[in-house]
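What follows draws every value from the coordinates through simple rules; no lab data is involved. Owing to the predicted nature of the structure, the values given are computational and were not obtained by experimental measurement. Virtual Cβ from ideal backbone geometry, glycine too; neighbours counted across all protein chains shown.
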Amino acid sequence: MNIAILGGGIAGLSAAITLKQAGFDVEIYERHPGPSEIGAGIVCWPNAAFVLDQLGVLDEVAQVSGVVSSMNRFSSDGELLGSLDIHTLSSVMGYPSYSIIRKDLMNILSRRVLELGIKLHYQHKVSGLSDNASGQVEVTFENTACIQPDIIIGADGRMNSIARKYVIEDNQPVYQGFINWIGVFESADALFTDSTVSDYWGTGERFGIVPVSSTKAYWAGGVVCEKIGLRDPLMYKQELNALFRHWPSPIDKIINDTAESRINKIYVHDHNPIKTWHRNNVVLLGDAAHSPLPTSGQGACQALEDAWHIANCLKVQSHNLDQAFTQFTQLRVDKTTGITLGGRQLAASIFNQDAEFCRQRNLAAKNTDYKKSVLGMAKGWASGLPMSA
Ligand SMILES: Cc1cc2nc3c(=O)[nH]c(=O)nc-3n(C[C@H](O)[C@H](O)[C@H](O)COP(=O)(O)OP(=O)(O)OC[C@H]3O[C@@H](n4cnc5c(N)ncnc54)[C@H](O)[C@@H]3O)c2cc1C
């Protein structure tokens with residue numbers, strides 16, 4: 001059976017690898033001329049590390065990543081509100097948690113794809129999916145190419161998925177009312193002693209720093225913003241300084257020492273969860289199926305999990321696509337829906353603009369039982385995978 005994967009992002013590349021390893025003939029079609037570089041960095045939590053191990057790339061990932069040890073929450077005045085012990089999370093789940101620059105992860109996955117002899121067609125922008133006269137689904141590309149593969153995997157992301165439009169006839173993401181500026185910071189001198197994540201909460205504002213090595217970190221500054229507005233890269237630092245200049249060190253340094261070219265501004269969207277992920281021989285994967293907010297910390301991790309599950313489902317039931325896709329959806333929909341709703345709930349709290357709400361939120365953060373929280377995270381993230389929790 002030949003499988004066409006639409007989109008060469010984290011979901012598309014990782015699914016190509018698992019499917020090829022399962023014996024399928026796979027090709028990837030990506031609109032860009034090379035591996036996409038959108039986003040700054042990712043924490044590959046232990047559930048993602050498990051999948052990266054199955055893909056045969058975990059050692060390579062480990063070489064360019066930080067091992068996350070803890071996650072500290074602070075108020076915007078620098079008061080410590082609490083700390084999640086990520087070593088415990090990792091040891092309960094049996095895999096480390098790796099912080100990695102997104103570009104590095106994309107390069108590692110792309111190399112593995114080529115090593116396995118999978119064809120990756122760049123500059124193939126999908127323009128439509130349609131049912132042809134003989135009842136097959138046809139994929140057309142802007143460059144006039146046209147294919148009719150046995151299986152079509154829609155891994156074309158969250159903002160304008162043509163595959164999602166084909167499957168549920170709607171692909172409108174939902175703007176969630178906040179901006180994230182994301183960036184990759186590199187310094188000549190060592191600034192970080194370990195890969196402790198620092199998360200600062202203000203009133204309608206947030207700043208997070210994730211070290212990847214002693215000299216490198218990715219970061220995100222967020223603020224509530226009612227309407228989608230302009231994106232002018234020349235203004236990004238000014239906008240960030242206006243919001244975070246007086247926040248605790250090293251936020252100021254990180255903003256101002258990050259190269260302008262490595263900062264991006266995103267009006268953050270997600271999707272309402274859906275229960276139908278397939279139609280005919282087309283199935284959705286990654287952000288095209290479920291795209292949680294960055295506050296979930298799980299978007300890329302769930303894309304990786306999809307890759308592992310879809311190969312397992314198709315390996316057993318490739319003679320009956322409807323059954324394979326139904327099983328895949330059943331295995332994935334509750335977990336990804338919970339993560340999407342959890343991401344929204346955390347965003348509603350972090351980006352709340354009511355000072356009294358934020359005071360109570362910070363008080364609750366100080367009184368949280370973080371050991372219990374870590375065990376809860378492990379249980380949720382291990383679900384559906386052969387991992388302990
Ligand atoms: C600001 C921000 C921060 C984030 N931080 C984290 C994080 O810390 N941890 C985490 O786990 N997740 C994070 N995420 C989420 C994560 O980036 C996504 O969930 C993940 O990239 C999903 O992978 P994907 O392959 O489904 O989609 P994408 O990575 O978006 O890949 C989709 C691919 O499809 C291609 N494509 C799109 N349309 C077409 C077309 N018509 N034809 C051909 N190709 C097409 C695109 O070019 C792209 O290469 C973040 C997201 C945002 C917005």
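Mind giving me the FRET efficiency for MET159 and LEU331? R0 is 25 Å, r the Cβ-Cβ distance, nearest 0.05 is fine. Kindly include the intermediate steps, with their values, before the conclusion.
Values: r = 26 Å, r/R0 = 1.03.
In this case the efficiency is close to 0.45.
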If you filter segment 228-331 for trypsin sites (Lys or Arg not before Pro), then keep DSSP loop positions with at most 14 other Cβ within 10 Å, what is left? ARG231, ARG245, LYS275
Place a label point 7 angstrom from the Cα of GLU186 along the Cα-to-Cβ direction, then list the residues of segment 69-107 whose backbone nitrogen is under 16 Å away. 100-107
Between ASN72 and GLN148, how many nm apart are label points set 7 Å from Cα along the C-beta direction? 6.2
Per DSSP H run of n ≥ 4, the term is -39500 (n - 2.57); total these for the chain, divide by its residue number, and report the mean residue ellipticity at 222 nm rounded to 500 deg cm²/dmol. -12000 deg cm²/dmol
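Checking understanding here: applying a Kyte-Doolittle mean of at least -0.5 and a length along the axis of at least 24 Å (C-alpha), which whole DSSP H helices in the chain pass?
299-317, 321-350
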Say R0 is 30 Å: what FRET efficiency, to the nearest 0.05, do GLN323 and LYS372 get from their beta-carbon distance? 0.15
What is the Rg over Rh value, at two decimals, for segment 203-354, using alpha-carbon atoms and the Kirkwood definition of Rh? 1.08
Distance check, please: which entries in LYS20/LYS165; LYS165/LYS315; LYS103/LYS216; LYS216/LYS237; LYS227/LYS275; LYS103/LYS265 exceed 24 angstrom between their Cα atoms? LYS20/LYS165; LYS165/LYS315; LYS227/LYS275
For the chain, state what percent of all Cα-Cα pairs lands in each successive 10 Å bin, counting from 0 Å until the bin that includes the largest distance. 5, 23, 33, 25, 11, 3, 0
Correct response: the longest run of the chain lacking exposed GluC sites (Glu not before Pro), defined by DSSP loop and at most 15 other Cβ within 10 Å, is 227-389
How far is it, in nm, from the label point at LYS315 to the one at ALA364 when both lie 7 Å from their Cα along the line to the Cβ? 4.2
From largest to smallest, what semi-axes in whole angstrom does segment 271-389 give when each is the square root of 5 times an eigenvalue of its alpha carbon gyration tensor? 34, 17, 9
